[in-house]
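Got a structure for you, questions after.
The values are calculated or read from the model by the stated rules, or taken from the named source; none is laboratory data. Note that the coordinates shown come from a computational prediction; the quantities given were computed from them, not determined experimentally. Here Cβ is always computed from backbone atoms with ideal geometry, including for glycine, and neighbour counts include all displayed protein chains. The area values use the complete protein model at the heavy-atom level, side chains included, leaving out ligands, DNA and RNA. Shrake-Rupley method; radii C 1.70, N 1.55, O 1.52, S 1.80 Å.
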Amino acid sequence: MNQDKFPKGVVLLLVATIAWGGMFPVAKAALGALDGFYLSAWRYGIASLIFLALLFVAEGAASFSFEGKLGRIFFFGTMGFAGFSILAFVGLSRSTAEHGAIIMALMPLITAAMNWGIKGTRPGNVTLACIVAALLGAAYV
């Protein structure tokens, strides 16, 4: 691990966490004026176009070769991003911003626990320490 980049990485992760955590109260307020479907469609539609342009600039036209898997890529990509967002907004519209933030905070914990339970892959000690920190943080909220 490059020790010079470690503090910068920690700061960037904290900024992302705070920004994502702040998303829930804002989204809850926005859901009073917008439907979750349209909110997701605009959010991911614009972001998709930007990322497609960046991909084209960085990798060129060859990166758009789908090798006959366009349908699968479209389906799983849509379900993974827009489907998740729509379901999160629908859940948020029926719950509180705090519940949404707690659920999102616990997702890595749940993933590590499921991986351990299903595949038998024990998380490393650092991951276990982060799981404890996540539980404490969620309990605090």
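Which chymotrypsin sites (Phe, Trp or Tyr not before Pro) in segment 1-104 sit in a loop by DSSP (not H, G, I, E or B) and have at most 16 other Cβ atoms within 10 Å of their own Cβ?
Listed in order of number, the matching sites are Phe66.
Could you tell me the center-to-center distance, by alpha carbons, between segment 42-65 and segment 67-86 in angstrom?
For segment 42-65 versus segment 67-86, the Cα centre distance is 14 Å.
With each pseudo-label sitting 7 Å past Cα toward Cβ, what's the Asp4-Ser48 distance in nm, one decimal?
For the pair Asp4/Ser48, the computed spacing is 4.0 nm.
Could you look at the chain and say what percent of its accessible area is carbon and sulfur, using a 1.4 Å probe and all protein chains?
Ligands and nucleic acids excluded, carbon and sulfur give 75 percent.
OK, next. Only loop residues by DSSP count here, and only those with at most 12 other Cβ atoms within 10 Å; note down the trypsin sites (Lys or Arg not before Pro) in segment 16-70 that meet that.
Answer by residue number: Lys69.
Quick one: compute a quarter of the convex hull surface over the Cα atoms of the chain and quote it in nm².
With every direction weighted equally, the projected area is 11.8 nm².
Right, next: For n ≥ 4 DSSP H runs only, could you compute -39500 (n - 2.57) per run for the chain, divide by its residues and tell me the 222 nm figure to the nearest 500?
-25500 deg cm²/dmol
Which whole-number value in Å² is the accessible area per residue of the chain, probe 1.4 Å?
Value returned for the chain: 77 Å² of accessible area per residue.
Follow-up question, since we're still on this one. Assign unit charges at the C-beta atoms only (+1 for Lys and Arg, -1 for Asp and Glu), then state the dipole size of the chain relative to its Cα centre in Debye, rounded to the nearest 20.
Rounded to the nearest 20 debye, it is 220 debye.
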